[in-house]
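Here the structure is laid out as structure tokens; the discussion comes afterwards.
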Amino acid sequence: MNEARSSEPLIDHDAAAALMAPLTELVLRAGAAILAINRQAMRVEGKIDGSPVTEADLAADRIIAEGLARLVPDLPTLSEERAQLARPPYHGSFFLIDPLDGTKEFVAGRNEFTVNLALVSNGTPLLGIVGAPALGLVWRGLVGRGAERLKTGAAAEPIHTRPHPKRGEPWIVAVSRSHLDSRTEAFIADRPGASRQVLGSAVKFGRVAEGGVDVYPRLAPTSEWDVAAGHAVVTAAGGRITDAKGAELRFGSGRNGFIVPEFIAWGDPAAAAR
């Protein structure tokens with residue numbers, strides 16, 4: 001662990017690699033807690049922004065918060081469920097968490113919800129874990145050292161994004177089931193021949209990272225905790241995340257309430273420059 005500006009701790013690649021296994025275990029435990037909740041009988045409440053929060057969100061958040069406090073007590077943690085406690089900007093390393101991404105999917109009885117955990121250093125996601133407990137899948141990656149997918153009962157397998165199809169060849173775009181917007185529709189329309197894969201939550205990042213999808217555009221606002229873990233996984237798998245103009249994303253400044261105005265997850269970095 002090194003020191004960042006303002007004496008805030010900065011995690012390097014070796015320290016992050018040593019944390020991968022225990023952090024994955026935390027994500028798995030949080031996922032198990034979510035699955036243990038009775039969706040038919042659980043409480044569903046509304047946040048100020050109108051989005052839902054459930055017992056499952058809070059149970060997963062508690063497990064991750066307690067685990068991180070034991071593993072790396074000196075590192076700040078920003079969770080969607082405790083965003084009011086945030087003290088930005090974060091100049092060194094910090095954990096960025098969405099304990100249940102896709103709450104609408106979860107409440108609706110679908111299986112495309114995830115536990116997202118990212119380690120961000122100097123404004124850029126370095127390590128990411130996206131667990132999809134109901135699907136029995138975990139995607140994880142450390143930027144510069146590769147990404148892998150874990151299936152329940154099977155060994156981890158390396159994953160990599162795929163080259164973008166040549167002009168005229170079919171390509172696959174991941175689109176949101178709950179948040180498809182007009183700008184994203186226009187993005188797809190400008191690239192004829194797309195086959196859409198409709199998915200919920202950060203599962204879309206996992207599909208890009210493993211080479212099952214070519215691109216995942218989200219050209220409407222979302223939050224940093226929705227993006228950071230998938231950002232690290234896709235980048236570690238060989239992809240790139242940019243805004244609509246090709247600029248890199250930054251995390252942890254607190255600008256605009258941790259809102260990400262837009263992003264595009266490219267499986268092939270060369271496609272982002274076209």
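The values are calculated or read from the model by the stated rules, or taken from the named source; none is laboratory data. It should be emphasised that the depicted structure is a prediction, and the values quoted were computed from it without experimental measurement. Glycine gets a Cβ as well: all are built from the backbone with ideal geometry, and neighbour counts include every protein chain shown.
If you go through segment 189-221, how many residues are over 22 Å from the mean Cα position of the chain (by Cα) and in contact (Cβ under 8 Å) with a residue 12 or more places away in the chain?
Here the count works out to 4.
Working only within segment 58-72, note down all residues that are surrounded by fewer than 17 Cβ atoms within 10 Å (Cβ to Cβ) and in contact with a helix residue (DSSP H, G or I) (Cβ under 6 Å, 6 or more places away or on another chain).
Leu71
For segment 236-271, what are the residues that are surrounded by 20 or more Cβ atoms within 10 Å (Cβ to Cβ), free of Cβ contacts under 8 Å to residues at least 60 places away in the same chain and under 22 Å from Arg145 (Cα atoms)?
Selection gives Arg240, Ile241.
So which residues in segment 223-237 are outside any helix (DSSP H, G or I) and either closer than 12 Å to Ala265 by Cβ or among the charged types (D, E, K, R) (or both)?
Ala237
Scan segment 163-177 and tell me whether some residue there is over 20 Å from Glu262 (Cβ atoms), over 16 Å from the mean Cα position of the chain (by Cα) and basic (Lys, Arg).
Yes - at least one qualifying residue is present in segment 163-177.
Here are Leu100, Leu75: which of them is over 25 Å from Arg149 (Cα atoms), in contact (Cβ under 8 Å) with a residue 40 or more places away in the chain and crowded, with 17+ Cβ neighbours inside 10 Å?
Residue meeting the stated conditions: Leu75.
Can you go through Val233, Val198 and tell me which one is touching a strand residue (DSSP E or B) at 6+ places or on another chain (Cβ under 8 Å), closer than 19 Å to Leu137 by Cα and surrounded by fewer than 17 Cβ atoms within 10 Å (Cβ to Cβ)?
Val198
Within the set of pairs 6 or more residues apart or between chains, which connect a residue that is under 14 Å from Asp57 (Cα atoms) inside segment 19-37 to a residue that is surrounded by 15 or more Cβ atoms within 10 Å (Cβ to Cβ) and aromatic (Phe, Trp, Tyr) with Cβ atoms less than 8 Å apart?
Ile34/Phe106; Ile34/Phe113
Checking the condition farther than 16 Å from Asn116 by Cβ and either at pLDDT below 95 or surrounded by 22 or more Cβ atoms within 10 Å (Cβ to Cβ) (or both), which residue from Arg274, Arg218 passes?
Arg274 is the lone residue from the list that is farther than 16 Å from Asn116 by Cβ and either at pLDDT below 95 or surrounded by 22 or more Cβ atoms within 10 Å (Cβ to Cβ) (or both).
Residue pairs, Cβ under 9 Å, 6 or more apart or interchain, first in segment 159-172 and closer than 14 Å to Pro192 by Cα, second hydroxyl-bearing (Ser, Thr, Tyr). List them.
Pro170/Ser195; Trp171/Ser195; Ile172/Ser195
Would you check which residues across segment 90-112 are of a type outside the set (Val, Ile, Thr) and more than 19 Å from Ala232 (Cβ to Cβ) and list them?
Lys104, Glu105, Phe106, Ala108, Gly109, Arg110, Asn111, Glu112
Of the residues that make up segment 19-26, is at least one part of a helix (DSSP H, G or I), among the acidic types (Asp, Glu) and modelled with pLDDT of 95 or more?
yes
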